[in-house]
Amino acid sequence: MTTPRNWQKSSFSGEGDGNDCLELASTPTTLHLRESDAPATVITTAPTPLAHLLDAVRRGTL
């Protein structure tokens, strides 16, 4: 797997270059998530399963 280069910091992470933020990178069919303080650990998923997970978290059914 090739790790993407264009990581974007979450808008919920605040300002500055702190090491406590979620970063996201994407390709046309894949999403990559990592924590800035552990950049070697990357979670890779597709948009639909991630959307289902986030929906379950929002509804409190997880």
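To make sure I understand, if each residue's beta carbon is the centre and we count other beta carbons within 10 Å, what order do Glu23, Glu35 fall in, fewest to most?
Glu35, Glu23
Each of Leu31, Leu54 has some number of other Cβ atoms within 10 Å of its Cβ, and from fewest to most they run Leu54, Leu31.
Only Cα pairs under 8 Å and 6+ residues apart enter the sum, and on that basis the relative contact order of segment 8-59 stands at 23 percent. For Ala38 and Val57, the difference between the fully extended length at 0.36 nm per residue and the C-alpha to C-alpha distance is 4.5 nm.
So what is log10(I(q)/I(0)) for segment 8-59 at q = 0.16, 0.17, 0.32 1/Å, when the Debye sum runs over its Cα atoms only? The Debye formula, applied to the Cα set alone, gives -0.53, -0.59, -1.15.
Quick note: the coordinates plus some simple rules give every number you see, no bench work behind them. As the structure is a computational prediction, the values presented were derived from the model and not from experiment. Glycine also receives a Cβ, built like all others from the backbone with ideal geometry; neighbour counts cover every protein chain displayed.
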